[in-house]
Amino acid sequence: MTTAIYTLTSQLHDAAAVDAATQEFLGGLGIEYQLMNGDFKDYGGHDLELIYVRTGGTEGIFKNELPRLLKYSKQPFYLLTSGKSNSLAASMEILSYLRQQGLKGEILHGSNEYIKQRINTLQRVGKAMRELNRCRLGVIGEPSDWLISSQAKYRTIQDILGVEIVNIDMDELLMLIDRIPADIVSDLLEKAPNNSIRKSLMGAERIYEALKLIVEGYDLQGFTIRCFDLLSAVKNTGCIALAKFNAQGIVAGCEGDIPAMLSMKIAQAICGKTGFQANPARINPETGEMLFAHCTIPFDMVDRYELDTHFESGIGVGIRGFMKPGPVTIFKVSGGLGRHFAEEGMLVECQGKPDLCRTQQIIQLNDKEAARYFLTKPIGNHHIIMPGHHKAVLDEIL
């Protein structure tokens, strides 16, 4: 991650003294950065850009530079200040001016530890935004009929995150599946518990190979598929294929759920893993304990896994994955980016009961009151479970 620091300095101040104060201040933050001084020609090309207001009397300098900075659409503007030489006062005047122009900004000021933590968060946000801005996601088939609230505003998503979403006809995938040899061998045969699963793995591998052609042909970094159509069309499921793609860094979601797919891509940009798309199966609003379940999970998220049938249909191949207990973040963004939910908790245990989708996770929310969100104002049913604590960064990016 790269952080560039651009400086604003009044000529009225002693240059040597200002440079010495700069070295002391920035050195105390303990961060890696590139010092660009007052040259803004490369502004917009880094994960994070900070404008270090070193002295007072710099308000007019910033105002003159602003039209050039806006060409890069780099918002918000982050004003770093030590507070010396009237720099905080100048930063406040600049921020007030930005807000008058309808622009966003923030002053980074306080203890060295506070500023460092804030910079670390903003670095992660900047890196994620740059990744999202180069992203193309596919919707294979339409969202499943029961996802009546899980629509998406394609134009809004592209305008805000730079993510392009393209529609792909389900018939195109079915045609490609038909072209894959029926005797293709799966690399998961040794995991099959019986002959029925072993036979279904060959069909699951055909689905994976056909989806690979879709991903390559449309230059996708992720997709969601109306997977239940596969049950009737090819008598199999996409669970294995999605687990493989997600482990390979290609976001792959279920049921044509576009907001869930977008949430998975944002999760991947933030923490490097696509996350587990699941829906709540049980909630205890008094304790904040929840049970999530689904029939697939990225292979790189689990310590071990077992193969079973797809739960609802009893056919094909589903995955019972067991993640290591530990901290997790539950996340979901709405299809118009107007709302999001992010809450941290602990994965207590994974279970494998026969009356639920195959991968089952019991999670204890850190804030038990957050469980009421699922019962009063949920963003659809699917949510994304990510390992680690990421609420602060997710709240920031959205």
Problem - Positions within segment 182-195 being surrounded by 13 or more Cβ atoms within 10 Å (Cβ to Cβ) and either of a type in the set (Gly, Ala, Ser) or on the phi > 0 side of the Ramachandran plot (or both), in sequence order - result: Ser186, Ala192
Handout entry: Residue selected from segment 88-111 under the condition of a type in the set (Ser, Thr, Tyr) and closer than 21 Å to Tyr43 by Cα, by the criterion surrounded by the fewest Cβ atoms within 10 Å (Cβ to Cβ)
Key = Tyr97
Fill in the blank from the handout: Of the residues in segment 261-283, those that are of a type outside the set (A, V, I, L, M) and out of contact with any Leu (no Cβ under 9 Å at 6 or more places or on another chain) number 9
Handout entry: Matching strands (runs of 3 or more DSSP E) fully within segment 281-343 where at least 3 residues are in contact with a Gly (Cβ under 7 Å, 6 or more places away or on another chain), of a type outside the set (S, T, N, Q) and at pLDDT 95 or above
Key = 326-333
Practice task
Taking the options Ser87, Ser150, name whichever one is of a type in the set (Ser, Thr, Tyr) and either touching a Pro at 6+ places or on another chain (Cβ under 6 Å) or closer than 19 Å to Thr2 by Cβ (or both).
Solution key: Ser150
Exercise for the section: Grab the helices (runs of 4 or more DSSP H) fully contained in segment 168-275, keeping just those with 2 or more residues being within 30 Å of Glu343 (Cα to Cα) and in contact (Cβ under 8 Å) with a residue 12 or more places away in the chain. Expected result: 239-247, 258-271
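Is there a residue in segment 235-251 that is among the hydroxyl-bearing types (Ser, Thr, Tyr), closer than 27 Å to Ile384 by Cα and at pLDDT below 95?
yes
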Practice task
Looking only at segment 45-89, count how many residues are touching a residue at least 60 places away in the same chain (Cβ under 8 Å) and among the hydrophobic types (A, V, I, L, M, F, W, C).
Solution key: 3
Completion exercise
Considering segment 49-85, residues that are touching a helix residue (DSSP H, G or I) at 6+ places or on another chain (Cβ under 6 Å) and closer than 18 Å to Glu113 by Cβ, and then whichever is surrounded by the most Cβ atoms within 10 Å (Cβ to Cβ), we arrive at Thr81
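The values are calculated or read from the model by the stated rules, or taken from the named source; none is laboratory data. The shown structure was predicted, so the numbers you read here are calculated from the model rather than taken from an experiment. Here Cβ is always computed from backbone atoms with ideal geometry, including for glycine, and neighbour counts include all displayed protein chains.
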